[in-house]
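Read the structure below first, then the notes.
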Amino acid sequence: MAPPSADLKLLGSWASSYTHRVQLALKLKGLAFEYAEEDLAEKSPSLLLHNPIYKKVPVLLHRGRPVLESVIILHYLDETWPDVPLMPGDPYDRALARFWCHIVDDKLGPAVGAVFASPSEGQAAAVEQVHENLRLVERELRDGAFAGRRFFGGDKIGVLDVVLGCGSYWLAVFEEVMEVKLVDPEAFPLFHSWLRDFEEQEEVKAIIPAIDRLLEYARGVRQMMLGLSSQQQ
């Protein structure tokens, strides 16, 4: 990758899977960019200026103009630099990829978050919601449009791999912190195999934080959530 460019700047957070989506897309496309780490407890004037509505990362600045929301940023990158495409060429396949990206953000992601936020008595139901969503993904990998593919994008990582994969490493973190089983290789063999392959890609390794750092962060957030919960009782 070339040295950082003044044309592209990414405002992000090291623990944000949404930031990692954009970082991975930029790396896959070989695009040079400047990275600015945001303290989300004390957001910078730049973040508040460029994303005044949601006030969150990631924000991609292209020649000073902000592009917001991770999936929208991925589409923007694909349309602006199409030489290494993330989206499929066929219109139906593009629609399918967009639909499953929506499923990840609308169903699977919130279900995983609910496991992390759930009290002990609600944990089993929250875990079942994750399993229900993973069964949908497993069925698509086995019998659906993605059957027989190495990645959702085919032989190479595509947009759905980026959206689903950047965040799936939290599954192992939450399993250890919450002492639950979210991804059983026997129950979800195709998803498990895909995830292991995805995480072994050099571009992915370059952007996923060290597991020890993720565990420390997750344990701290969990303790904070439990403390707030006890104060409200």
Cut-off under 5 Å, modelled amide H: who pairs with Ser13 long-range: Thr19, Glu38
Ser17, Ser46, Ser120, reordered so the largest accessible area comes first (probe 1.4 Å): Ser120, Ser46, Ser17
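Which order do you get for Glu38, Glu199, Glu128 if you rank them by accessible area with a 1.4 Å probe, largest at the top? Please list the in-between numbers first.
On the way: Glu38 15, Glu199 40, Glu128 80 Å².
The most accessible residue leads, giving Glu128, Glu199, Glu38.
To the nearest 0.05, how large is the calculated FRET efficiency for His102 and Arg219 if R₀ is 35 Å and r is the Cβ-Cβ distance?
On the way: r = 31 Å, r/R0 = 0.88.
So the FRET efficiency works out to roughly 0.70.
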Counting only DSSP loop positions in region 122-210, the trypsin sites (Lys or Arg not before Pro) whose Cβ has at most 16 other Cβ atoms within 10 Å are Arg149, Arg150, Lys156, Lys181
Placing unit charges on C-beta atoms (Lys and Arg positive, Asp and Glu negative, everything else neutral), compute the dipole magnitude of the chain about its Cα centre in debye, rounded to 20. 500 debye
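Counting only heavy atoms of the protein chains, get the accessible area per residue of region 1-82 (1.4 Å probe) and round it to a whole Å² value. List each step's numbers first, then the result.
Details: 4100 Å² over 82 residues.
I get 50 Å² per residue for this part.
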If Lys and Arg each add +1 and Asp and Glu each add -1, what is the summed charge of the other residues whose beta carbon sits under 15 Å from the beta carbon of Leu136? -3
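When all alpha-carbon pairs of the chain are counted, what percent fall beyond 28 Å? Walk me through the numbers on the way to the answer.
Numbers: 8975 of 27028 pairs.
Beyond 28 Å sits 33 percent of the P(r) for the chain.
So if I place +1 on the C-beta of Lys and Arg and -1 on the C-beta of Asp and Glu, and nothing else carries charge, what would the dipole magnitude of region 1-80 be about its Cα centre? I want it in debye, nearest 20. Before the final figure, lay out each step's value.
Details: 9 positive and 9 negative charges, 21 e Å.
For region 1-80, the charge dipole is close to 100 debye.
Taking the radius of gyration and the Kirkwood hydrodynamic radius from Cα positions alone, what is the Rg/Rh ratio for region 1-123, to two decimal places?
Working: Rg = 16.1 Å, Rh = 15.9 Å.
A ratio of 1.01.
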Expressed as a percent, the accessible surface of region 43-168 that is carbon or sulfur, using a 1.4 Å probe and the full set of protein chains, is 56 percent
Here the gain from full extension of Leu190 to Asp7, 0.36 nm per residue of separation minus their alpha-carbon distance, amounts to 61.9 nm
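The values are calculated or read from the model by the stated rules, or taken from the named source; none is laboratory data. In this text, all values refer to a predicted model and were calculated from it rather than measured experimentally. Here the Cβ is made from the backbone with ideal geometry for all residues, glycine too, and neighbour counts use every protein chain on show. Areas reflect the complete protein model, heavy atoms only, side chains present, ligands, DNA and RNA absent. Shrake-Rupley method; radii C 1.70, N 1.55, O 1.52, S 1.80 Å.
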